[in-house]
Amino acid sequence: MKTVRLFVDGMYCAACGIDIERTLHALPGVTSANVSALENSAAVCFDETEVSQEDVLQAIERTGYHAVEYTYGTVARLQEEKSRRLLRKVLLSLLMTVPLTMAVPLPLKAVLATVVQFYIGAEFYRDAARGLKNKTLNMSFMVAFSTTCAWAYSFYAFLRGLTSEIYFDSSALILTMVLTGRLVEQRLNAGTDNALAALYEKIPKKAVVLRDGAEVEEETAAVRRGEELLIREGDRVPLDGVVRSGSGFVDESMLSGEAVPVRKSAGEAVYAGTLNTEGVFTMAVTAEREHTLLSDIIVDVTASFSAKSPLQSRTDRVVRWFFPAVLVLAVAAFLAWLLFLSPGDVSRAVRTFISVIIVACPCALGIAVPLSVSAAVSAAAEKGVVIKESRAVEDLAEVAWVGFDKTGTLTRGAFDVTDIVLLDAPSVEALLLDAAVAEKQSYHPLAEAVLRKTALRPEDIPIADALRSFPGKGVLAEWDGHTIAVGSPDFAREQGAPEASVARILDQLGTQRKTVLLICRDGVVEGACFLTDSLREEAPGTIRELSDLGVRTVLLTGDKEAPARQAAEQAGLEEVFSGLLPEEKTAFLKAEQEKGTVIAMAGDGLNDIPSLACADIGFELGGKTALAGETANVVILNGDLSRIPWCIRLGRKAVRNIRQNLVLSCLYNVIALSVAAAGLLNPVLAAAAMSLSSISVVLNASRMRRKNT
């Protein structure tokens with residue numbers, strides 16, 4: 001399966017997007033298609049064995065729209081061209097419309113109005129034709145149809161000499177107002193993409209590569225993994241890598257949201273787009289341009305913008321039937337005025353008909369949801385939080401229950417081996433070597449602590465002949481003809497360890513609230529490591545904030561009861577479920593979901609993948625584990641727990657903003673259509689009101705984004 005994001009030019013309302021979605025879904029092999037008229041984008045997932053990307057592009061072209069692959073440079077250029085084109089049309093339309101409001105000869109008015117109608121307004125006819133071809137009435141059809149009626153009636157009156165029945169100024173002003181509204185709306189909408197633009201701008205185009213002792217300036221896209229780069233003070237890091245020599249203080253606020261620069265020295269990771277504020281260092285490239293952490297963030301954020309939330313999908317269904325309903329209402333109003341309210345007054349009936357069609361604005365309804373969702377996603381990105389699915393914004397607002405993993409989530413995950421107990425091992429070194437062989441390929445914090453304790457370089461630790469991992473329990477390794485088991489006391493028992501030996505270890509642990517790892521060789525307990533972990537500083541405050549929000553918090557961990565209770569007490573958690581395997585955590589979450597509760601789960605490791613996937617909202621802390629990051633729908637890059645309640649508040653604000661937008665657009669349409677049908681609204685004022693309704697929704701969504709960044 002392949003997913004591609006496209007820029008689609010020529011869309012002006014939600015109905016346009018619905019047309020394209022329907023066309024794409026008809027293609028064989030297309031599994032999903034989400035089109036956003038707001039972003040002028042389409043995200044299409046398809047099976048390459050059945051349909052090609054070229055087929056997708058051609059299908060969009062056949063509907064009458066122009067599509068290209070979405071890259072920021074291309075899109076920025078096309079958006080700017082579109083803005084300039086709209087601005088030229090608005091200025092030309094104003095230049096030709098103003099005389100129509102003055103005392104100029106009627107023949108000149110007829111010529112000017114005709115030019116505005118069919119030259120300036122040509123794009124409305126083209127877009128209307130596209131809609132009719134796809135069996136849809138869109139906004140352009142309504143504008144073109146109503147203004148054509150006004151122009152045709154005025155031209156007829158002009159030819160008959162009925163000067164009091166001429167409305168050339170009205171038809172031209174309507175087109176001018178609608179074009180102006182589109183221009184203002186596009187300029188305001190550009191702010192939605194500002195977060196992405198800011199991220200793209202942080203990717204340096206050039207890098208200084210060290211080759212054969214010389215400094216060579218290269219395009220960033222041409223630099224390959226393993227090459228060495230020079231980073232001077234004031235430079236942005238071009239690609240992901242590891243510091244090789246020297247040191248610097250790097251501003252990682254674009255990723256973490258923290259403004260204080262972080263000291264980077266040999267062996268530490270640096271990321272593309274971050275700023276070296278002090279010092280000079282060299283780095284070895286570990287990821288090429290398309291595979292950096294920043295590139296992954298951009299992909300995830302753009303995917304969020306393109307995807308549709310459940311509420312947006314429901315709104316689109318309403319928009320689809322909006323125009324036919326308005327057309328029926330306009331015809332009914334026309335007949336009511338012509339036959340009953342003002343019999344024989346064709347002029348009054350025509351004005352009412354035009355006003356009803358023009359004043360209707362599904363655009364505000366169509367953009368109400370995506371604007372607020374995009375604003376929330378942008379605000380989160382600027383705080384170092386990647387919301388990977390648009391539906392997650394709505395789910396965040398409903399979260400009533402958050403489960404926390406312990407190690408690496410509620411605690412720092414930076415374990416230290418505090419005590420070593422020997423039973424059958426000849427020495428501490430021999431015990432730690434067996435443990436290191438088994439744990440060498442593990443990313444679990446307990447394994448990292450054991451490896452640090454050995455003081456051996458990775459290349460000096462032998463590679464096991466075979467490895468089996470038992471999530472939540474331990475690791476089994478075959479090495480040098482022996483079977484080595486490293487894990488919990490229960491895991492040691494499962495591997496045949498004598499109960500007496502396990503009991504001796506646990507007796508020495510006593511009442512200490514520490515984590516214990518038993519090391520067994522061929523079923524014999526060689527000894528054990530006692531480890532401790534420290535609570536995250538922000539954990540107690542996070543739990544209090546969640547409680548203030550009315551959210552229930554629970555600790556779900558595979559750790560033993562004593563260390564789990566200790567961590568829960570320190571953090572302020574009252575509910576603790578310890579000794580859980582990954583599948584048991586998942587079962588626990590599903591049981592809560594069956595009660596109708598929207599749940600979230602916070603984790604940071606491979607063993608958290610099942611629970612993160614099961615939860616309605618999966619918070620992955622730190623973005624360190626690629627698989628967990630792909631499973632979670634919210635990634636907190638700096639691992640700051642306090643971002644969890646912040647995200648929930650953001651979701652609630654976004655949904656509140658969506659409701660405000662929907663109320664604004666629905667109230668507008670109900671009131672405006674009623675006033676227009678009653679014959680109390682001039683067509684020109686109707687056009688202005690229609691544009692202002694969309695602009696008010698854009699401004700309301702922008703207000704929410706400003707308050708959260």
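Name the single residue, out of those in the range 491-531 being among the hydroxyl-bearing types (Ser, Thr, Tyr) and more than 44 Å from the chain's Cα centre (by Cα), that is modelled with the lowest pLDDT.
Here the residue is Thr511.
Hey, among Glu583, Glu574, Glu620, which residue is without any contact (Cβ under 8 Å) to a residue 60 or more places away in the chain, open to solvent by less than 40 Å² (accessible area, probe 1.4 Å), in contact with a helix residue (DSSP H, G or I) (Cβ under 8 Å, 6 or more places away or on another chain) and among the charged types (D, E, K, R)?
Just a single option satisfies the conditions, and that option is Glu620.
Would you confirm whether any residue within the range 380-392 is touching a residue at least 12 places away in the same chain (Cβ under 8 Å), closer than 18 Å to Met704 by Cβ and among the acidic types (Asp, Glu)?
Yes, the range 380-392 has at least one match.
I'd like the residue in the range 271-280 that is touching a Leu at 6+ places or on another chain (Cβ under 9 Å) and within 9 Å of Val250 (Cβ to Cβ) and, out of all such residues, is most open to solvent (accessible area, probe 1.4 Å).
Taking the candidates together, the pick is Tyr271.
Got at least one residue in the range 627-644 being open to solvent by less than 50 Å² (accessible area, probe 1.4 Å), hydroxyl-bearing (Ser, Thr, Tyr) and modelled with pLDDT under 90?
Yes, some residue in the range 627-644 is open to solvent by less than 50 Å² (accessible area, probe 1.4 Å), hydroxyl-bearing (Ser, Thr, Tyr) and modelled with pLDDT under 90.
Give me the pairs: first residue in the range 327-350 and on the phi > 0 side of the Ramachandran plot and exposed (fewer than 13 other Cβ atoms within 10 Å of the Cβ), second residue part of a helix (DSSP H, G or I) and modelled with pLDDT under 95, beta-carbon distance under 9 Å, and six or more apart or on different chains, which are they?
So the pair list comes out as Gly344/Leu338.
Only residues that are modelled with pLDDT under 90, open to solvent by 40 Å² or more (accessible area, probe 1.4 Å), out of contact with any Asp or Glu (no Cβ under 7 Å at 6 or more places or on another chain) and in a helix (DSSP H, G or I): list them for the range 77-115, please.
Once the filter is applied, which keeps residues that are modelled with pLDDT under 90, open to solvent by 40 Å² or more (accessible area, probe 1.4 Å), out of contact with any Asp or Glu (no Cβ under 7 Å at 6 or more places or on another chain) and in a helix (DSSP H, G or I), the range 77-115 yields Arg77, Gln79, Glu80, Glu81, Arg84, Arg85.
State all residues of the range 568-588 that are touching a Ser or Thr at 6+ places or on another chain (Cβ under 6 Å) and aliphatic (A, V, I, L, M); if no residue qualifies, say none.
Within the range 568-588, just Leu573 meets the criteria.
Suppose we keep only residues that are in contact with a strand residue (DSSP E or B) (Cβ under 7 Å, 6 or more places away or on another chain) and without any contact (Cβ under 8 Å) to a residue 24 or more places away in the chain within the range 494-511. Which one would you say is least open to solvent (accessible area, probe 1.4 Å)?
Val502
Which of the strands (runs of 3 or more DSSP E) contained wholly in the range 365-462 include at least 1 residues that are open to solvent by 20 Å² or more (accessible area, probe 1.4 Å) and at pLDDT 90 or above?
Filter on the range 365-462 gives 416-422.
Determine, yes or no, whether Val68 is touching a Ser or Thr at 6+ places or on another chain (Cβ under 8 Å) and either closer than 16 Å to Arg130 by Cβ or at pLDDT 80 or above (or both).
So Val68 fits the description; yes.
Does any residue of the range 125-142 turn out to be open to solvent by 60 Å² or more (accessible area, probe 1.4 Å), in contact with a Phe, Trp or Tyr (Cβ under 8 Å, 6 or more places away or on another chain) and either hydroxyl-bearing (Ser, Thr, Tyr) or free of Cβ contacts under 8 Å to residues at least 24 places away in the same chain (or both)?
Looking through the range 125-142, at least one residue is open to solvent by 60 Å² or more (accessible area, probe 1.4 Å), in contact with a Phe, Trp or Tyr (Cβ under 8 Å, 6 or more places away or on another chain) and either hydroxyl-bearing (Ser, Thr, Tyr) or free of Cβ contacts under 8 Å to residues at least 24 places away in the same chain (or both).
Report the residue count in the range 544-562 for those that are under 14 Å from Thr409 (Cα atoms) and open to solvent by 10 Å² or more (accessible area, probe 1.4 Å).
3
Checking Glu165 against (1) at pLDDT 80 or above; (2) open to solvent by 30 Å² or more (accessible area, probe 1.4 Å), only one condition comes out false. Which one?
(1) is the only condition that Glu165 fails.
Can you name every residue in the range 119-176 that is within 17 Å of Ile354 (Cβ to Cβ), assigned to a loop (DSSP other than H, G, I, E, B) and under 41 Å from the mean Cα position of the chain (by Cα)?
Gly121, Leu137, listed by residue number.
With the condition being over 19 Å from Asn633 (Cβ atoms), I'd like the strands (runs of 3 or more DSSP E) fully within the range 522-614 carrying at least 2 qualifying residues.
Here the list reads 524-532, 552-556, 575-577.
Condition test on Val237, is it at pLDDT 90 or above, touching a strand residue (DSSP E or B) at 6+ places or on another chain (Cβ under 9 Å) and open to solvent by 20 Å² or more (accessible area, probe 1.4 Å)?
Criteria not met by Val237.
Which of (1) under 15 Å from Leu179 (Cα atoms); (2) surrounded by 16 or more Cβ atoms within 10 Å (Cβ to Cβ) does Tyr119 not meet, given it meets every other one?
(2)
Just to be sure I understand, how many residues within the range 463-493 are in contact with a Lys or Arg (Cβ under 9 Å, 6 or more places away or on another chain), surrounded by fewer than 18 Cβ atoms within 10 Å (Cβ to Cβ) and within 23 Å of Asp507 (Cα to Cα)?
Within the range 463-493, residues that are in contact with a Lys or Arg (Cβ under 9 Å, 6 or more places away or on another chain), surrounded by fewer than 18 Cβ atoms within 10 Å (Cβ to Cβ) and within 23 Å of Asp507 (Cα to Cα) number 1.
The values are calculated or read from the model by the stated rules, or taken from the named source; none is laboratory data. Please read all numbers here as calculations on a predicted model, not as lab measurements. No Cβ is skipped: glycine too gets one built from the backbone with ideal geometry, and neighbour counts run over all protein chains shown. Heavy atoms of the whole protein, side chains included, go into the accessibility calculation; ligands, DNA and RNA do not. Shrake-Rupley method; radii C 1.70, N 1.55, O 1.52, S 1.80 Å.
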